[in-house]
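Asker: Mind looking over this structure? Questions follow.
The values are calculated or read from the model by the stated rules, or taken from the named source; none is laboratory data. The model shown is predicted, which means the values in this text are computed figures rather than measured ones. With ideal geometry, Cβ positions are generated from the backbone for all residues, glycine too; neighbour counts draw on all protein chains shown.
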Amino acid sequence: MTTITQLVGKSTPPPATVPASRPSTAGRRAARALLYVVLTVGVVAMLYPLVWLLSASLKPADEIFGSVGLLPRSWDLSNYVNGWTSADGSTFGRPLLNSVVVSLGAVVGNIVSCSLAAFAFARLEFRFKRTAFALMMVTIMLPAQVTIIPQYILFHYLGWVNTYLPLILPKFFAVDAFFIFLMVQFIRGIPRDLDDAAALDGCNPGKIYLKVILPLLTPALVTTAIFTFLWTYNDFFSQLIYISESQLYTVPLALRQFIDGTGQSEFGPMFAMSVVSLLPTLVLFLIFQRLIVDGISTSGMKG
């Protein structure tokens, strides 16, 4: 008995739990420093073309491509003066205004039509709903060059060539499937209880769209507005096809006038007006930056 008691008293204690190894402070600092280096390199790679463009707009013509330095040896502001006023006496302000008008028209069209289509896909029930949604998503992969010829023939017969109608009016028919999908994902994340409560108060689908869905859809609407403005403002292909009158030129077409195939290109004024043309989009992005990020992140997470 004494032997058994002694053996029990001398039983081996359970092994101590080995704590999980944690990265050392030096390792965390090294990883963070590497992350900062990678981010810094990315920022420099993205901002360098803009910095070079600004520097080139302040250089004389013989120094733009004759020097690799970013800082001009001699500052030349005449590029902005010569670029702003063209040979026929018109100013670069007219193409800027034309681009803003076309872009704002496209923004209004996309916001109205795409939000209505997204509300129908996300909330209403109708025949062939899934089929229509699938066909709409397929159009995202359809290149614009495939439809440009039939569209041009149609607009030519309607007498819309050399006007802004081909650039603005199609936006009112929900032709941008990307923005429809963006809003559908956002609306699906809005609780249906809000719709049911509004229906109990006597709201029909139209009032539910206006009073419930639309106010909560603000981040996605702002994202749609900003990207539509940027894509329309920078669009060169469609505007080159449909617009031929110089008074209707937008910013991309006006910048093209500085390039002459005979070798007499005015790169200094062109770079200067390129800097000027960036200001509206830059200001727009800085003002709505937070809403753009919120709209993209929340729309992508909701399902």
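Asker: Just to be sure, is residue 35 under 18 Å from residue 281 (Cα atoms) and either assigned to a loop (DSSP other than H, G, I, E, B) or within 33 Å of the chain's Cα centre (by Cα) (or both)?
Answerer: Values: under 18 Å from residue 281 (Cα atoms): no; either assigned to a loop (DSSP other than H, G, I, E, B) or within 33 Å of the chain's Cα centre (by Cα) (or both): yes.
No, not satisfied.
Asker: Kindly check whether there is at least one residue in the range 41-59 that is part of a loop (DSSP other than H, G, I, E, B), closer than 30 Å to residue 231 by Cα and hydroxyl-bearing (Ser, Thr, Tyr).
Answerer: Checked against the condition, which is being part of a loop (DSSP other than H, G, I, E, B), closer than 30 Å to residue 231 by Cα and hydroxyl-bearing (Ser, Thr, Tyr), the range 41-59 yields at least one hit.
Asker: Just wondering, is there one or more residues in the range 167-181 that are in contact (Cβ under 8 Å) with a residue 24 or more places away in the chain, among the acidic types (Asp, Glu) and either in contact with a strand residue (DSSP E or B) (Cβ under 8 Å, 6 or more places away or on another chain) or more than 20 Å from residue 242 (Cβ to Cβ) (or both)?
Answerer: no
Asker: Further, regarding this structure: Say we look at the range 57-87 and pick out the residues that are among the hydrophobic types (A, V, I, L, M, F, W, C) and touching a Leu at 6+ places or on another chain (Cβ under 8 Å); which of these is surrounded by the most Cβ atoms within 10 Å (Cβ to Cβ)? Give the steps one after another, and end with the answer.
Answerer: Residues of the range 57-87 that are among the hydrophobic types (A, V, I, L, M, F, W, C), as a first pass: 58, 61, 64-65, 68, 70-71, 75, 77, 81, 84, 87.
Of the ones still in play, those that are also touching a Leu at 6+ places or on another chain (Cβ under 8 Å) are 58, 75, 77.
On the way: 58: 21, 75: 9, 77: 10.
Of everything passing the filter in the range 57-87, 58 is surrounded by the most Cβ atoms within 10 Å (Cβ to Cβ).
This table checks each residue for (1) at pLDDT 90 or above; (2) over 17 Å from residue 163 (Cα atoms); (3) assigned to a helix (DSSP H, G or I); (4) hydroxyl-bearing (Ser, Thr, Tyr).
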{"position": "97", "(1), (2), (3), (4)": "yes, no, yes, no"}
{"position": "100", "(1), (2), (3), (4)": "yes, no, yes, no"}
{"position": "105", "(1), (2), (3), (4)": "yes, no, yes, no"}
{"position": "108", "(1), (2), (3), (4)": "yes, yes, yes, no"}
{"position": "112", "(1), (2), (3), (4)": "yes, yes, yes, no"}
{"position": "116", "(1), (2), (3), (4)": "yes, yes, yes, no"}
{"position": "130", "(1), (2), (3), (4)": "yes, yes, yes, no"}
{"position": "135", "(1), (2), (3), (4)": "yes, yes, yes, no"}
{"position": "146", "(1), (2), (3), (4)": "no, yes, yes, no"}
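Asker: Contact list please: Cβ distance under 6 Å, first residue in the range 186-199 and touching a residue at least 24 places away in the same chain (Cβ under 8 Å), second residue small (Gly, Ala, Ser) and surrounded by 15 or more Cβ atoms within 10 Å (Cβ to Cβ), pairs at least six apart or on different chains.
Answerer: 186/220; 186/299; 187/118; 187/122; 188/122
Asker: When only residues in the range 104-142 that are of a type in the set (Phe, Trp, Tyr) and surrounded by 15 or more Cβ atoms within 10 Å (Cβ to Cβ) count, which is nearest to residue 226 (Cα to Cα)?
Answerer: Looking at residues that are of a type in the set (Phe, Trp, Tyr) and surrounded by 15 or more Cβ atoms within 10 Å (Cβ to Cβ), I get 119.
Asker: While we're looking at this one, here's another question. Counting only residues that are in a helix (DSSP H, G or I) and either touching a Leu at 6+ places or on another chain (Cβ under 6 Å) or crowded, with 19+ Cβ neighbours inside 10 Å (or both), how many does the range 199-237 have? Working first, answer last.
Answerer: First, the residues of the range 199-237 that are in a helix (DSSP H, G or I): 199-200, 205-216, 218-233, 237.
Now drop any that are not either touching a Leu at 6+ places or on another chain (Cβ under 6 Å) or crowded, with 19+ Cβ neighbours inside 10 Å (or both), which leaves 208-209, 212-213, 219-229, 232-233.
Total meeting the criteria: 17.
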